[in-house]
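The values are calculated or read from the model by the stated rules, or taken from the named source; none is laboratory data. What you see is a predicted model; the values in this text were computed from it and never measured. Don't worry about glycine lacking a Cβ; one is built from the backbone with ideal geometry, like all the others, and counts go over all protein chains shown. Heads up: the accessible areas ignore ligands, DNA and RNA and are worked out on the full protein's heavy atoms, side chains in. Shrake-Rupley method; radii C 1.70, N 1.55, O 1.52, S 1.80 Å.
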Amino acid sequence: MDIFKNAEDIIKDYTVTDRFLKYVKIDTQSSEESETFPSTEKQKDLLKILKSELEEIGLDDIQMDEYGYVTATLPANLPADWPKDKKVPVIGFMAHVDTSPDSSGENVNPIIHKNYQGGEIKLPKGEGLVLNYENSPNLKHCIGMDIITADGTTLLGADDKSGCAEIMDAMRIFKENSQIYHGEIKIAFTPDEEVGMGTKYFDEKKWGVDFAYTMDGGELGEIEIETFNADTFVAKFTGVSYHPGYAKGKLLNAVKMASTFIDML
């Protein structure tokens, strides 16, 4: 059957915006200075809410472990005549709850700019901060859309609370519309992605998916199939101090050593 035939009727009561506006008001900023996991305990505030909402929607095997990872399963919903020997891959959807350490995630005030018609979007408390085609080229493709921003004093947190909201509403739609056939779907919400530790303790084998998609930033319709490596290391350069009158061939400048190393990279 054509699952998209009545798509507008299926999604007309979408909750993604309401969920997003709720999530961004919860401070989940991670920390690069912390030695704990997750790096900030407040990330679990949103993770607990997501777990509760998954229970309301009616998913199975909902868990939140000691590290804050929230996982759940949407059982397969296949037609009665589906061939038993035709395997349907298990698909995973993942998003992270933390926001960048670079800017405050506290007291976020989301603003909806209705029916955007082009030009600048001024952030009311941003001391001259504006969004325009120069710093946000994608605005050119958003004519007629509603755009959500912060007020200019904090991050909005769309990275990645938009992904959290998208996944939650998609699961609701699947549960409420049994005519949409699908295989088993696994959900995972993680902390500490912004500090490069998001999957440090994540048990991929236990999650048990064949393919997975991270719902994160990017333009509408964009799918990335490769990414950078977020591993971190610290290099220390120790110079050798020596009296200038006798330093030739003996004094080693740590700054020059570090510069040579960076140049080699």
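See the values below:
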| item | result |
| --- | --- |
| Linear extension gain, ALA247 paired with ILE147, 0.36 nm per residue minus alpha-carbon span | 29.7 nm |
| Label-to-label distance, nm, for residues given as ASN135 and ALA76 (7 Å Cα→Cβ offset) | 5.0 nm |
| Gap separating the Cα centres of the stretch 50-93 and the stretch 149-204, nearest whole Å | 14 Å |
| Pairwise label distance in nanometres, ALA258 with ASN229, each label 7 Å out on the Cα-Cβ vector | 2.3 nm |
| Potential extension, SER103-ASP18 segment - 0.36 nm per residue separation minus Cα distance | 28.3 nm |
| Descending semi-axes in Å of the stretch 184-265, equivalent ellipsoid built from Cα gyration tensor | 47, 15, 10 |
| Accessible area of the stretch 19-83 belonging to carbon and sulfur atoms, whole % at 1.4 Å probe | 45 percent |
| Placed amide H near GLY239: partners under 5 Å, 5+ positions off or other chain | ALA254 |
| Most to least packed among 85-91, 189-195 [average Cβ atoms within 10 Å] | 189-195, 85-91 |
| Per residue accessible area of the chain, 1.4 Å probe, in Å² | 65 Å² |
| Label-point separation, GLU66 to GLU33 (7 Å along Cα→Cβ), nm | 2.7 nm |
| C-alpha long axis of helix 43-57 to longest principal axis of the chain, angle in ° | 10 degrees |
| Cut-off under 5 Å, modelled amide H: who pairs with LEU78 long-range | HIS182 |
| Accessible area of the stretch 90-237 belonging to carbon and sulfur atoms, whole % at 1.4 Å probe | 50 percent |
| The stretch 173-265, relative contact order in percent, only Cα pairs under 8 angstrom and at least six apart counted | 16 percent |
| At 1.567 mPa s and 4 °C, Stokes D of the stretch 31-190 from Kirkwood alpha-carbon radius, µm² per second | 70 µm²/s |
| Rel. contact order, % - alpha carbon contacts under 8 angstrom, at least six apart, the chain | 25 percent |
| Accessible-area order (highest first, 1.4 angstrom probe) of the listed residues ILE173, ILE49, ILE262, ILE187 | ILE262, ILE49, ILE173, ILE187 |
